[in-house]
1. Look through segment 332-351, keep the residues that are part of a loop (DSSP other than H, G, I, E, B) and among the aliphatic types (A, V, I, L, M), and return whichever of them is nearest to ligand 1 (Cβ to nearest atom).
2. Restricting the first residue to segment 325-350 and requiring it to be under 18 Å from Thr309 (Cβ atoms) and of a type in the set (S, T, N, Q), which pairs with a second residue that is in a loop (DSSP other than H, G, I, E, B) and within 11 Å of ligand 2 (Cβ to nearest atom) meet a Cβ separation below 6 Å and a spacing of at least six or different chains?
3. Can you tell me which of Val61, Val41 is under 22 Å from Ser109 (Cβ atoms), at pLDDT 90 or above, under 34 Å from the mean Cα position of the chain (by Cα) and among the aliphatic types (A, V, I, L, M)?
4. Of the residues that make up segment 166-180, is at least one among the hydroxyl-bearing types (Ser, Thr, Tyr), touching a strand residue (DSSP E or B) at 6+ places or on another chain (Cβ under 6 Å) and surrounded by fewer than 21 Cβ atoms within 10 Å (Cβ to Cβ)?
5. So Tyr121 passes all but one of these: (1) within 20 Å of Cys196 (Cα to Cα); (2) in contact with a strand residue (DSSP E or B) (Cβ under 6 Å, 6 or more places away or on another chain). Which condition number does it fail?
6. What about Tyr354, is it under 23 Å from Ala252 (Cβ atoms), in contact (Cβ under 8 Å) with a residue 12 or more places away in the chain, out of contact with any Ser or Thr (no Cβ under 8 Å at 6 or more places or on another chain) and more than 10 Å from ligand 1 (Cβ to nearest atom)?
7. Taking segment 289-307 as the region of interest, how many residues are more than 16 Å from ligand 2 (Cβ to nearest atom) and in contact with a Phe, Trp or Tyr (Cβ under 8 Å, 6 or more places away or on another chain)?
8. Taking the options Leu14, Leu6, name whichever one is over 23 Å from Cys127 (Cα atoms), part of a helix (DSSP H, G or I) and at pLDDT below 95.
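The values are calculated or read from the model by the stated rules, or taken from the named source; none is laboratory data. None of these values were measured; they are calculated from a predicted model. Backbone-built Cβ (ideal geometry, glycine too); neighbour counts: all protein chains shown.
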Amino acid sequence: MNTKTLLLLIAAWLTALTAVAQDFSSGGFSYNITGDNTVEVTKDYMGGTQYSGNVTIPSTVTYNGKTYTVDAIGAYAFQYCEGLTGVTMPNTVTTMGDYAFGDCPALASVTLSNSLQSVGYYAFQNCTALTSITIPNSVKYILDQAFSYCDHLTTVKMGDNVEQIGNNVFQYCTALTSLTLSKSLTEIGWTAFTNCSSLTSVTIPDAVTFIGHYSFSECTGLTTLTIGSGVTEIGWSAFEGCPALTKVTCMATTPPTIDEYTFDADVYAAATLYVPDGSVSAYQDTYPWWLFTMIEGIVDRGDVNNNGTINIADVVELIDYILTDNAGAINMVAADVNYDNIVNIADAVEIIDYILHGFWRND
Ligand SMILES: [Ca+2]
Ligand SMILES: [Ca+2]
């Protein structure tokens, strides 16, 4: 038996295994009872008709006189539903199984549950009609391959609490132009955005510590990259095949670990690397960062203590300077946030305002 035959047999066996699971149908949906009061939506195995059109999944369903909460979308539940054009998930749903909406070629509109904890493995893979997705604030994890090959997806709005983007999550989303990453994001998986060729600008939030291997490889349209202050490791080939990069900013004061092949040789030669003002020599002395022929310091407005982030510690340092006049202790250029050539309490007020609201009032 060759490998392909074996795989087909395993696939058939898995399908048979899942096919036995369907406890009842109601209102056009099939369900499995998963707990005393809970059900998951499952594939329509017995009815023979696939889900189609715009569907709104109910939050509760009554069966044999008992009311169940719909708290999950089962694995494969809507996979290969060719006529499915839209889905609205009730806010009772907290989990979704693998391939839940995978390979639905007409699925254009998706509203996720505000209680969803994670977007499942392969959840929307190959949903080639999907143009935008909003990830709710409840979601912490976007699991491997969740949106891979969604080649009409242009806009991804991510809630503030996504901590991890798994492997291959957005690979080959070739139309993706607007990407807002979560400020809670700590890890970007391997190959997560590879071949997102329409991306022109990417900002990696400060909370991210690890940018996965090949994560943005072959993003051929990428010109501007900003890496947050928290990054400690950028994987090999993370930005390989991104020849259009001309401006790379890395806000980490200590040069993160990278590989020679993290960036293309042409990028090392032609792009400008911007790093915190006090860290230029550290980058110039660290392999392979020193391959960048142009390394320039940036003054991070409001980063009074030069540590790459702006927070209350900067305000404390600034007030300490105002009280003691010890100018050597602070970055005077960064401290003059209102650009009036005086460092005084007005600057401290503006920094507090920035910390509270996230933007500078006098921009
Ligand atoms: Ca600071
Ligand atoms: Ca000032």
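1. Once the filter is applied, the top-ranked residue is Val337.
2. Pairs found: none.
3. Just a single option satisfies the conditions, and that option is Val41.
4. Within segment 166-180 (the criterion being among the hydroxyl-bearing types (Ser, Thr, Tyr), touching a strand residue (DSSP E or B) at 6+ places or on another chain (Cβ under 6 Å) and surrounded by fewer than 21 Cβ atoms within 10 Å (Cβ to Cβ)), the answer is yes, since at least one residue qualifies.
5. Failed condition: (2).
6. yes
7. Total satisfying the criteria: 9.
8. Just a single option satisfies the conditions, and that option is Leu6.
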